[in-house]
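Encoded as structure tokens, the structure appears first; notes follow it.
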Amino acid sequence: MNPAQQLLAPIGRSTLGLLASIGRVAMFVAQTLSHIFRPPFYLKELLQQLLSIGYFSLPVVGLTTLFTGGALALQIYAGGARFNAESVVPSIVAIGMVRELGPVLAGLMVAGRVAASIAAELGTMKVTEQIDALVTLSTNPIKYLTVPRVVAATLVMPILVAVGDSIGIFGGYLVGTTSLGFNSAAYISNTVDFLQSWDVVSGLIKASAFGFIVAVMGCYHGINSGRGAQGVGKATTNAVVSASVLILAVNFVLTQLFFTQ
Amino acid sequence: MIEFQDVHKSFGANHVLQGVNLKVAKGESMVIIGGSGTGKSVLIKTVLGLLIPESGTILVDGKVGGGADRDAFLARFGMLFQGGALFDSLSVWQNVAFRLMRGALKKPKEEARAIAIEKLRRVGLKEEIADHFPGELSGGMQKRVGLARAIAAEPEIIFFDEPTTGLDPIMSGVINELIREIVVEMGATAMTITHDMSSVRAIADKVAMLHDGRVQWTGPVGEMDSSGDPYLDQFINARAHGPIEAVR
Ligand SMILES: Nc1ncnc2c1ncn2[C@@H]1O[C@H](COP(=O)(O)OP(=O)(O)O)[C@@H](O)[C@H]1O
Ligand SMILES: [Mg+2]
């Protein structure tokens, strides 16, 4: 091989690899979707997942948005002071939170928590032959394992983000009223007056998409985990990394779609 | 009846099955022996469609399995996995009754639990462990729970992958007897993988030895000692030296 080929070959290889992975993920998503509306339905598994994905992610999402809301208020105050626009703090905190930071930060935190745990759980099931055992017991692993997780994450993320948004705005309020000298009533009315329902709704749609991404990536990498403990470790890492990157990419696409005329 | 016709299966450069031909008659207890890593587990998994052979045919009652009604096909089988493969998020009795609590064989919870406890007793486990989780049990107990799960729905064809590995001699005896009973009483067809020669003699109607990706020898268990096959002789007499290399 000449030097140019040597340089280009790995690029070509990884491009082909990437395209193949995209194809496999697309097939996996199509299979998952096709099982959502066909019986049997595993409601107990769905409820379990709603609890473990939604409820148990509340603390981490709440803390993340609380601190971010506070920091946001400080930044906007400092930035706004440069052109005497300190009064925009409440509305910018609210808009920034519900449109962007709430869904994206919650998505990333849930990617770390949930995509990892799904991939580790299903990966372990794969390497200990539990997934094969499911098949021999006439139970489709996609239906029994993937569908409840994907449906639960897609449904519960908007709720999680709505709570996170509120906590984030509250974080801004705390900072605004305690250290930036805002009047409590004025801060609240300023927040409410400028916030439009589409700001909130668009953020919740994003949240739903991110929930879907997190669960699909967790399940895909888990079910396709390599052999042994190393395989599971790799599956977990890949699930978190791919979910996080996809969340940021899809966030850009959705923002473009929602907010450019 | 199960029939393997020239079955080939590779993983990358590792050619595990290289033309397996074997017939297992209905109601017969076939025991598969062979060194570790010769593809015994792989062979069983190809019947269930868990692994797809590159070439060759596997017939169950003269038909290629799976097809349109894969659920009905799989419902005829029970399988004990080499590692147990118990669902660690479910309790012991829910593992055993898994097939009885969903799908075509769905039964009321009380009834499913009662059947599970009965099957646990048959594999020598007490009712007390029914509400434990698999992680709380010893390896040998997990194996027996796996066995109870495999027989819970009284399948026609049962695969046992190393059912007595990790059990003490007395419990091995219990399990050997149980497998024999299942074949005789339920009229089930059984394929058992084992390294334990006392198991082979207790369980088998017929024996097949896998070596180098093929069936090296097969015949009735009574002819095993007088086969004159050097590979089989080395294996059943546990000799370190012979045609089978110790380094694999
Ligand atoms: N899913 C798999 N992927 C790659 N290699 C495998 C897989 N399953 C089995 N093998 C390989 O096939 C060979 C036979 O394995 P196995 O059937 O488990 O042996 P045994 O006869 O001890 O049951 C081994 O070399 C094993 O590494
Ligand atoms: Mg094996």
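The values are calculated or read from the model by the stated rules, or taken from the named source; none is laboratory data. Predicted, not measured: the structure shown is a model, and the values here were computed from it. Using ideal geometry, Cβ is built from the backbone for each residue, glycine included, and neighbour counts are taken over all protein chains shown. Just the protein is used for accessible areas: all its heavy atoms, side chains included, with ligands, DNA and RNA removed. Shrake-Rupley method; radii C 1.70, N 1.55, O 1.52, S 1.80 Å.
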Practice task
Considering only the stretch B:10-79, give the strands (runs of 3 or more DSSP E) lying wholly within it that have at least 2 residues that are near ligand 1 (Cβ under 9 Å from one of its atoms).
Solution key: B:14-24
Practice task
Return the total of residues in the stretch B:80-111 being of a type in the set (A, V, I, L, M), within 30 Å of residue B:168 (Cβ to Cβ) and not in a loop (DSSP other than H, G, I, E, B).
Solution key: 4
Practice task
Report, by residue number, each residue of the stretch B:98-114 that is at the interface with chain A (Cβ under 8 Å from one of its Cβ atoms) and either among the charged types (D, E, K, R) or buried (at least 20 other Cβ atoms within 10 Å of the Cβ) (or both).
Solution key: B:98, B:99, B:102
Handout entry: Tabulated pairs, the stretch B:152-166, first more than 10 Å from chain A (Cβ to nearest Cβ) and more than 21 Å from residue B:138 (Cα to Cα), second more than 12 Å from ligand 2 (Cβ to nearest atom) and hydroxyl-bearing (Ser, Thr, Tyr), C-beta under 7 angstrom, 6+ apart or interchain
Key = B:156/B:189; B:157/B:189
Practice task
Among what's in the stretch A:86-100 and is in contact with a Leu (Cβ under 9 Å, 6 or more places away or on another chain) and open to solvent by 10 Å² or more (accessible area, probe 1.4 Å), pick the residue that is modelled with the lowest pLDDT.
Solution key: A:86
Problem - Per-region count, the stretch A:194-231, residues away from ligand 2 (no atom under 16 Å from the Cβ) and surrounded by fewer than 24 Cβ atoms within 10 Å (Cβ to Cβ) - result: 20
Handout entry: Matching residues in the stretch A:48-59 - criterion: being open to solvent by 50 Å² or more (accessible area, probe 1.4 Å), in contact (Cβ under 8 Å) with a residue 24 or more places away in the chain and within 14 Å of chain B (Cβ to nearest Cβ)
Key = A:48
Practice task
Could you tell me which residue of the stretch B:20-59 is most open to solvent (accessible area, probe 1.4 Å), considering only residues that are within 14 Å of chain A (Cβ to nearest Cβ) and more than 16 Å from ligand 2 (Cβ to nearest atom)?
Solution key: B:52
Problem - Qualifying helices (runs of 4 or more DSSP H) (wholly inside the stretch A:128-200; at least 1 residues being of a type in the set (Asp, Glu) and within 14 Å of another protein chain (Cβ to nearest Cβ)) - result: A:130-136
Handout entry: Residue check, residue A:62 surrounded by 18 or more Cβ atoms within 10 Å (Cβ to Cβ), within 23 Å of residue A:204 (Cβ to Cβ) and at pLDDT below 95
Key = no
Practice task
With the checklist (1) open to solvent by 20 Å² or more (accessible area, probe 1.4 Å); (2) out of contact with any Gly (no Cβ under 8 Å at 6 or more places or on another chain) in hand, flag the one item residue A:158 doesn't pass.
Solution key: (2)
Practice task
Answer yes or no: is there a residue in the stretch A:107-117 that is surrounded by fewer than 20 Cβ atoms within 10 Å (Cβ to Cβ), within 14 Å of chain B (Cβ to nearest Cβ) and not basic (Lys, Arg).
Solution key: yes
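For the stretch B:214-226, what are the residues that are in a loop (DSSP other than H, G, I, E, B) and either at positive phi or surrounded by fewer than 20 Cβ atoms within 10 Å (Cβ to Cβ) (or both)?
Initial filter on the stretch B:214-226 (in a loop (DSSP other than H, G, I, E, B)): B:224-226.
Answer for the stretch B:214-226, where residues must be in a loop (DSSP other than H, G, I, E, B) and either at positive phi or surrounded by fewer than 20 Cβ atoms within 10 Å (Cβ to Cβ) (or both): B:225, B:226.
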Handout entry: Selection from the stretch A:208-225 of residues that are closer than 18 Å to residue A:248 by Cβ and of a type in the set (A, V, I, L, M)
Key = A:209, A:213, A:214, A:215, A:216, A:217
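Mind checking which residues of the stretch A:144-178 are under 20 Å from residue A:108 (Cβ atoms) and β-branched (Val, Ile, Thr)?
Correct list: A:150, A:154, A:156, A:159, A:161, A:163, A:167, A:169.
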Practice task
Output the residues belonging to the stretch B:80-97 that are in contact with an Asp or Glu (Cβ under 8 Å, 6 or more places away or on another chain), hydrophobic (A, V, I, L, M, F, W, C) and open to solvent by 10 Å² or more (accessible area, probe 1.4 Å).
Solution key: B:93
Completion exercise
Per the list (1) closer than 16 Å to residue B:29 by Cβ; (2) more than 16 Å from ligand 2 (Cβ to nearest atom); (3) within 14 Å of chain A (Cβ to nearest Cβ), residue check on residue B:179 breaks on (3)
Exercise for the section: Report, ordered by the first and then the second residue, all pairs with beta carbons closer than 8 Å, sequence separation of six or more or different chains, a first member in the stretch B:23-45 that is closer than 14 Å to residue B:11 by Cα, and a second member that is more than 13 Å from ligand 1 (Cβ to nearest atom). Expected result: B:43/B:4
Practice task
Would you mind stating whether residue B:17 is within 18 Å of the chain's Cα centre (by Cα), more than 14 Å from chain A (Cβ to nearest Cβ) and more than 14 Å from ligand 2 (Cβ to nearest atom)?
Solution key: no
Handout entry: Search result, residues across the stretch A:136-178 that are in contact (Cβ under 8 Å) with a residue 40 or more places away in the chain, of a type in the set (Ser, Thr, Tyr) and farther than 30 Å from residue B:97 by Cβ
Key = A:154, A:173
